[in-house]
Amino acid sequence: YYSALYQVNNVIAIAEALPLDENTRRVRGTAHYFRAYINYSLVTRWGDVPLLTQNTLEKPVRSPKALVWEQIEKDLVAAKEFLAASKSYYYVSQDAVTALQARVMLSQNKMQEASTLAESLITNGKYALDTFEKIFRKEANTEIIFAFENLTPESSNTISTLFYNYGHPNKGSYVYAPSKEILELITATDKRRTISFGVFGGQDCINKYPSGQTGTDPVIISRIAEMYLISAEASSLTLGAERLNAVRTARGLPEVHPTSSAEMQTLVLEERRKEFLAEGFAYYDYVRTNTATKYL
């Protein structure tokens with residue numbers, strides 16, 4: 001993360017000295033987005049971390065996590081000022097910034113702000129829940145707001161190798177195997193099942209990143225399903241149930257009817273586990289909801 005942050009800070013420092021035009025606005029907006037994303041990734045995994053907005057040779061010290069969150073919000077505001085729409089969801093756009101802002105607000109339990117931001121993307125007419133396999137098989141879809149795409153094999157992208165065993169046609173290191181619990185949680189009637197899991201060499205594997213050692217899978221950063229589940233958790237019980245059931249219906253599951261905010265949160269956390277399996281959400285979901293000791 002800090003290697004990437006070093007590059008981002010360099011880009012921002014160089015671009016700030018250049019005249020503003022369409023290109024420098026896009027570069028600066030993209031750089032501020034990624035600085036926010038990097039710091040979000042750091043603070044949600046480690047809490048207090050060194051906050052570096054300029055590169056330095058000085059020995060870094062940890063900053064209070066409140067300051068890190070504050071900087072994340074500042075960078076996203078800056079990114080939104082510089083960016084507009086993008087030519088495809090493989091480039092950072094204003095909507096990508098809004099999606100990350102919604103996540104950041106939810107992460108800090110700023111529920112009203114999270115709801116407003118998520119709803120703005122749900123209702124703007126650009127995105128809709130789509131067939132699950134399209135998201136992870138590089139097919140055109142209405143779900144993705146922003147994702148990385150690897151146009152050619154990249155040896156530095158090792159995400160794909162982590163989930164497959166050596167019995168998979170593209171080989172893998174099988175670092176992460178699905179637990180018995182998650183295999184049972186995502187049932188046969190769930191439309192996410194075949195993309196979530198596959199059996200190779202007699203072993204269950206997570207099936208979202210099929211390129212294995214070739215490393216060409218898209219890495220999904222934000223999609224509309226996340227906005228639905230953010231709204232479900234952060235909005236009123238009535239609107240929240242509507243948003244939660246929209247995801248469940250799209251994934252082939254029956255509706256649920258929570259009667260309290262506590263029940264809603266439990267249902268949303270479970271839905272997030274199924275929707276975002278192997279995408280890096282669950283750990284901080286438990287931390288931010290004070291349920292880590294219960295689930296882990």
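The values are calculated or read from the model by the stated rules, or taken from the named source; none is laboratory data. Remember, it's a predicted structure, so these values are computed and weren't measured experimentally. Methodologically, a virtual Cβ is constructed for each residue, glycine included, from the backbone with ideal geometry; neighbour enumeration extends over all protein chains shown. SASA here: full protein model, heavy atoms, side chains in, ligands and nucleic acids out. Shrake-Rupley method; radii C 1.70, N 1.55, O 1.52, S 1.80 Å.
Some notes on this structure:
- Here the average projected area of the convex hull drawn through the C-alpha atoms of the chain stands at 16.2 nm².
- Of the three principal axes defined by the Cα atoms of the range 66-133, the extents in descending order read 38, 25, 22 Å.
- Coarse-grained scattering of the range 144-295 at q = 0.10, 0.12, 0.16, 0.18 Å⁻¹, given as base-10 log I(q)/I(0) from a Debye sum over alpha-carbon atoms: -0.40, -0.57, -0.95, -1.13
- Candidates GLU233, GLU263, GLU149, ranked by Gaussian network fluctuation over the chain, Cα under 10 Å, top entry: GLU263
- The accessible area of MET111, taken with all protein chains in place and a 1.4 Å probe, comes to roughly 50 Å².
- Most fluctuating residue given options LEU229, LEU51, LEU20, as computed from a GNM of the chain linking Cα atoms under 10 Å: LEU20
- Pairwise centroid distance, computed over Cα atoms, of the range 194-235 with the range 250-289, Å: 15 Å
- Loop-located GluC sites (Glu not before Pro) in the range 26-102 (DSSP state other than H, G, I, E, B) with a sparse environment of at most 15 neighbouring Cβ atoms within 10 Å: GLU58.
- For the range 23-158, the spherically averaged projection of the C-alpha convex hull amounts to 10.2 nm².
- Per residue accessible area of the range 12-58, 1.4 Å probe, in Å²: 56 Å²
- Stokes-Einstein translational diffusion, the range 92-210 - Kirkwood Rh over all Cα pairs, 0.890 mPa s, 25 °C, in µm²/s: 147 µm²/s
- Which of ALA140, TYR127, GLY202, positive extreme of dipole for the chain (C-beta unit charges): GLY202
- Whichever lysines have a C-alpha closer than 29 Å to that of LYS294, once near sequence neighbours (fewer than 8 apart) are set aside: LYS65, LYS110, LYS180, LYS191, LYS208, LYS274
- Taking amide H atoms as placed 1.01 Å from N in the peptide plane, the amide H of PHE200 lies under 5 Å from those of CYS205, each 5 or more residues away in sequence or on another chain.
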